[in-house]
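Read the structure below first, then the notes.
The values are calculated or read from the model by the stated rules, or taken from the named source; none is laboratory data. Computed from a predicted structure; not experimentally measured. Note that each Cβ is placed from the backbone with ideal geometry, even for glycine, and that neighbours are counted across all protein chains shown. Quick note on the areas: whole protein, heavy atoms, side chains included, nothing else; ligands and nucleic acids left out. Shrake-Rupley method; radii C 1.70, N 1.55, O 1.52, S 1.80 Å.
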Amino acid sequence: MSDELNIMESEPLVRDRYVPKEFKLVGKRGVQRRDGKEKAGGKALYTRDVALPGMLYCRLLASPHAHARIVKLDTSKAEKAPGVRAILRYDDPELEGKALEGLETKFNAGHIASDGQAFLHGKFELAVTQEQWMQGGGRVLDGFAWWEGEQCGVAIAADTIRQAEDALALVEVEWEILPHVLDPIESLKPGAPPAIEEINKKNNIIRKVKIEEGDVEKAFKESDQVIEFSIKREPYTAAEPEPMSNVVLWRGDNVEIWAHQQQAYDGKMLFCAKMGIPLNYVKLHIPHQGSQFGHGGNPMMHHTHGLHVISAILSKRTGRPVKTLYDRRDTFYGLSQDAEANTKFKVGFNKDGTITAVKLDTIVAKMGQYGIDHFMDNTRIPNLLLNYLEAQCNIPPAWWMRCEQNHNAFCLSAVFDHVADALEMDPVEVALKNDGVEGRDMAYLAAFKKDHGFQVRDSLAEIVEKGKTAVDWDAKWHAPGKKVLPNGRLHGIGFTWDHEWDDIRGVSCVGLMVNVDGTVDILAQKSDVGCDYMTTHCRIVAEEIGLPIEHVNWRHFEECGFQMMTPDGSCNLCVDAYASIAAARKVRRKILEYAVTPTTLIDIEYPAEFPGYKVEDLEIVDGIVRVKADPSVQCPLSEVVKRATVEQAGTRAPVFDWAWHRQGRYGVQEGRHRLCRQCYFAEVEVDPDTGEVEVTKFVSVNDVGLAVSPESCEGQQYGGAYMGVGRCLGEEVVFDPKTGVKLTGDYIDYKVFTIRDIGKTVNILHESGMGWGAYGLVGIGEDIATVAPGVVGNALHNAIGEWVDEHPVTPARVLAAIDKAREKGIL
């Protein structure tokens, strides 16, 4: 049946075999967003907007200390405060056993087993337990704090937010203040205080990873040249426009949750495991989400799932719905930030630009990225060695912040541009010379593409030419520090590249219901992170069935038995589209079967709409069923399905079908190389007196395989451009070293760039069809913001002739580098 319906198998090891020769809706511009009017008109309902009758508001105590235990907690005054309806303390018997319950099942086969390159190629040593590695992911109102700003100790539900906050101010806490450590390198030194002694009293090591391919020491000896350098990346943080919140209503034996989470259904599963409630007794609602960032963002953080437990207990006790919510500062404090990462490199290469070996020694805070992955994923470099350490620190949990590839992309960019500089070569040529996969060259990749159903194309070579033309690279590229503009500023131009991701993971399930008027409802729940899922899947289903897009609708806010993939990893459409396509092709066939088949109800026989024809003789075009050989023989689809209903007038079962697709498991899918590439060019002007760096032009070229929704892809490009530039030039999490207090806990002190902070953006979509996803597509969402910091740093080096390998590239660091360049006679 799958072959007959042209449905791809799960975990395909070949390109999509059933791509239509032409499209009417897929890839076309000008299709109106389904949620556009709601959002632009201020009518969209977000979790923060949910207000139920009698709802209480819950606020939590935030620790003022980076590392402390509660010795004594007096809530007597708060209990008598106006409007207070319930107080939940850390020592409440109902919280006992809730902290880590249910985590093991979810994560044993998840985060550790799927730990990408370490799982396939390396040695993985966990210095703490599974749950401890998740940094207390299931902790709920503990009596101790591991970072400043952590919610702990007590939660208060009151009639208003102000009353809950006033009551919190009446809580008297006696703290035992413990030593804290913020820097991962200092954390690993002998004699450093234990950052979290509840986890590990011996040292602050969380994880050790070693990955080795080939023999780097031998390669260094045989290389024409060897260089060494270091990079450091300060953590980014996530503080989305809609701060974290939830609403929980406990009614009898059933619970309803309104969630603000990127992985909302995962949150439901963890909640049920912790509370001992069957999944079918909990109803999940996912309203619009006020921005989330790639493979993470605040609502994905697993420790925020504890909010459901708090709200649920308070709702059960009061008999009223409870909304627990963070304010802006809580969002900056207690939620996700990317990891500080430090890497020392040793790189060997030959005079022709061939890189022979790369050694990385990486230390990160809490949880980070190795730095080696992209050398394995998309280069021919045969000799690689990674020594990786994760250090426990008293900072908020580290998690992916658009995205888990941040440090991997930075490392790849830094190595390639340092090598090009050392050889005085065009960095584009160095990239092209070393493109490949897992130490193998492009000849291997060409054979691989042919064997797996892809055209033999060179994605990087194709996109590089488009990017060079857009930025006028051949005319503008120059030796570092050698171009002063008429305005006195230093001109710089930079390039970087990477593979396009992702297209080889995820699971999705979707149903389609045809109504008696011939319209179609998509049945699946999914968290909305602003990527226009509604319109995209409506156009796919309409394309596959043969309907006007207006005849397909999707409201993905409620549970209906089907869950599309959680929106993370830049691979959603690759797996979700396969499911939608399969369901649509099944439904299309059922419609045509109804069209050629008579039906009988008791003594009444209803003839077929197309008697004497076979399914293969018919087609559906713009909602009209017609004969292929003679399109004048036709009837509206609504006539074919008008009796297919559950109502009393129905003579046939409703037209319904569903599909499930598994694309793969992240990071451990052997046999499917990344084939599509991305590249970026940036022009900068540097003020030598102030250290100001202005990005005057930014060019993004992304090989997305196939752009189902071009405008959505371009939105990721220009949105990622200014986010990535901001990461390079401004975004930085800063803590007070004496107290551990975060000093960048608002939008005043944490510098977030907008589209007005960069110059012209040029957004180019390339469509090679070489993605593993449906129609040959590959993801784009996380790419630009993740890779962009590297190209801006490379352009800065080209402007001043000295490296600034610590991000963010602040004016002070730029001025220090300019001084060095002058001392060396470069400027």
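Could you pull out the residue among LYS221, LYS274, LYS268 that is open to solvent by 10 Å² or more (accessible area, probe 1.4 Å) and either farther than 30 Å from LYS346 by Cβ or modelled with pLDDT of 95 or more (or both)?
Result: LYS221 is the single residue among LYS221, LYS274, LYS268 that is open to solvent by 10 Å² or more (accessible area, probe 1.4 Å) and either farther than 30 Å from LYS346 by Cβ or modelled with pLDDT of 95 or more (or both).
I'm checking my understanding of the structure. Among residues of segment 600-616 that are part of a strand (DSSP E or B) and not charged (D, E, K, R), which one is least open to solvent (accessible area, probe 1.4 Å)?
Across segment 600-616, the extreme among qualifying residues is TYR606.
Could you tell me which of the residues LEU182, LEU168 is more than 15 Å from ALA398 (Cβ to Cβ) and open to solvent by less than 50 Å² (accessible area, probe 1.4 Å)?
LEU168
Yes or no, residue by residue, for (1) within 31 Å of the chain's Cα centre (by Cα); (2) at negative phi; (3) in the same structural domain as GLU172 (by TED's automatic domain parsing):
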position: LEU5; (1), (2), (3): no, yes, no
position: MET8; (1), (2), (3): yes, yes, no
position: ARG17; (1), (2), (3): yes, yes, no
position: LYS21; (1), (2), (3): no, yes, no
position: LEU60; (1), (2), (3): yes, yes, yes
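Identify all residues within segment 541-599 that are in a loop (DSSP other than H, G, I, E, B), among the acidic types (Asp, Glu) and touching a Leu at 6+ places or on another chain (Cβ under 8 Å); write none if there are none.
Answer for segment 541-599, where residues must be in a loop (DSSP other than H, G, I, E, B), among the acidic types (Asp, Glu) and touching a Leu at 6+ places or on another chain (Cβ under 8 Å): just GLU559.
Here is a yes/no grid of residues against (1) of a type in the set (Gly, Ala, Ser); (2) outside any helix (DSSP H, G or I):
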{"residue": "ILE463", "(1), (2)": "no, no"}
{"residue": "THR469", "(1), (2)": "no, no"}
{"residue": "ALA479", "(1), (2)": "yes, yes"}
{"residue": "GLY492", "(1), (2)": "yes, yes"}
{"residue": "ASP502", "(1), (2)": "no, yes"}
{"residue": "MET513", "(1), (2)": "no, yes"}
{"residue": "CYS531", "(1), (2)": "no, yes"}
{"residue": "ARG539", "(1), (2)": "no, no"}
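So, of the residues in segment 353-410 that are of a type in the set (S, T, N, Q) and in a helix (DSSP H, G or I), which turns out to be farthest from TYR444 (Cα to Cα)?
Ranking the qualifying residues of segment 353-410, first place goes to ASN406.
Within segment 441-449, can one find any residue that is in a helix (DSSP H, G or I), touching a Cys at 6+ places or on another chain (Cβ under 9 Å) and aliphatic (A, V, I, L, M)?
Within segment 441-449, not a single residue is in a helix (DSSP H, G or I), touching a Cys at 6+ places or on another chain (Cβ under 9 Å) and aliphatic (A, V, I, L, M).
Among the candidates LYS72, LYS43, single out the residue that is surrounded by fewer than 14 Cβ atoms within 10 Å (Cβ to Cβ) and touching a helix residue (DSSP H, G or I) at 6+ places or on another chain (Cβ under 9 Å).
Testing whether each residue is surrounded by fewer than 14 Cβ atoms within 10 Å (Cβ to Cβ) and touching a helix residue (DSSP H, G or I) at 6+ places or on another chain (Cβ under 9 Å) leaves just LYS43.
Which of the residues that make up segment 28-39 are assigned to a helix (DSSP H, G or I) and over 24 Å from the mean Cα position of the chain (by Cα)? Please lay out each step first, then the result.
Kept after step one, since they are assigned to a helix (DSSP H, G or I), are these residues of segment 28-39: 36-39.
Scanning segment 28-39 gives LYS37, GLU38.
Looking at segment 801-826 only, could you name the residues that are of a type in the set (Val, Ile, Thr), open to solvent by less than 10 Å² (accessible area, probe 1.4 Å) and out of contact with any Leu (no Cβ under 6 Å at 6 or more places or on another chain)?
Across segment 801-826, the qualifying residues are VAL814, ILE818.
Among the numbered criteria (1) open to solvent by less than 20 Å² (accessible area, probe 1.4 Å); (2) out of contact with any Phe, Trp or Tyr (no Cβ under 7 Å at 6 or more places or on another chain); (3) assigned to a loop (DSSP other than H, G, I, E, B); (4) under 30 Å from VAL14 (Cα atoms), which one does LEU675 miss?
That leaves (2) as the condition not met.
Of the residues in segment 450-467, how many are farther than 18 Å from ARG17 by Cα, open to solvent by 60 Å² or more (accessible area, probe 1.4 Å) and in contact (Cβ under 8 Å) with a residue 60 or more places away in the chain? Outline the logic, then answer.
First, pick out the residues of segment 450-467 that are farther than 18 Å from ARG17 by Cα: 458-467.
So of that shortlist, the ones also open to solvent by 60 Å² or more (accessible area, probe 1.4 Å) come out as 465-466.
Applying the additional criterion that residues be in contact (Cβ under 8 Å) with a residue 60 or more places away in the chain yields 466.
Qualifying residue count, segment 450-467: 1.
Quick check on this structure: which one of LYS449, LYS466, LYS482 is under 25 Å from ASP689 (Cα atoms) and in the same structural domain as VAL699 (by TED's automatic domain parsing)?
Only one candidate qualifies: LYS482.
Can you name every residue in segment 327-360 that is buried (at least 19 other Cβ atoms within 10 Å of the Cβ) and under 22 Å from the mean Cα position of the chain (by Cα)?
Step one: of segment 327-360, the residues buried (at least 19 other Cβ atoms within 10 Å of the Cβ) are 330-343, 345, 347-349, 353, 355-360.
Those that are buried (at least 19 other Cβ atoms within 10 Å of the Cβ) and under 22 Å from the mean Cα position of the chain (by Cα): ASP330, THR331, PHE332, TYR333, GLY334, LEU335, SER336, GLN337, ASP338, ALA339, GLU340, ALA341.
I want to confirm something. Restricting to segment 688-733 and keeping residues that are open to solvent by 30 Å² or more (accessible area, probe 1.4 Å) and assigned to a loop (DSSP other than H, G, I, E, B), which single residue is nearest to LYS760 (Cα to Cα)?
My answer is GLU692.
Can you tell me which residue in segment 238-260 is nearest to the chain's Cα centre (by Cα), limited to those that are open to solvent by 30 Å² or more (accessible area, probe 1.4 Å) and farther than 30 Å from GLY745 by Cα?
My answer is GLU256.
More than 29 Å from LYS201 (Cβ to Cβ), modelled with pLDDT under 95 and either assigned to a helix (DSSP H, G or I) or among the polar types (S, T, N, Q) (or both), is that true of ARG317?
no
Quick check: is even one residue across segment 288-301 modelled with pLDDT of 90 or more, within 20 Å of LEU52 (Cα to Cα) and not aromatic (Phe, Trp, Tyr)?
yes
May I ask you to verify whether ARG539 is free of Cβ contacts under 8 Å to residues at least 60 places away in the same chain, basic (Lys, Arg) and not assigned by TED's automatic domain parsing to the domain that holds ALA774?
The answer is no for ARG539.
Is segment 386-406 home to any residue that is hydrophobic (A, V, I, L, M, F, W, C), open to solvent by 10 Å² or more (accessible area, probe 1.4 Å) and more than 24 Å from the chain's Cα centre (by Cα)?
Among the residues of segment 386-406, not one is hydrophobic (A, V, I, L, M, F, W, C), open to solvent by 10 Å² or more (accessible area, probe 1.4 Å) and more than 24 Å from the chain's Cα centre (by Cα), which makes the answer no.
Mind checking which residues of segment 597-637 are modelled with pLDDT of 95 or more and either of a type in the set (S, T, N, Q) or not assigned by TED's automatic domain parsing to the domain that holds LYS586 (or both)?
Selection gives SER632, GLN634.
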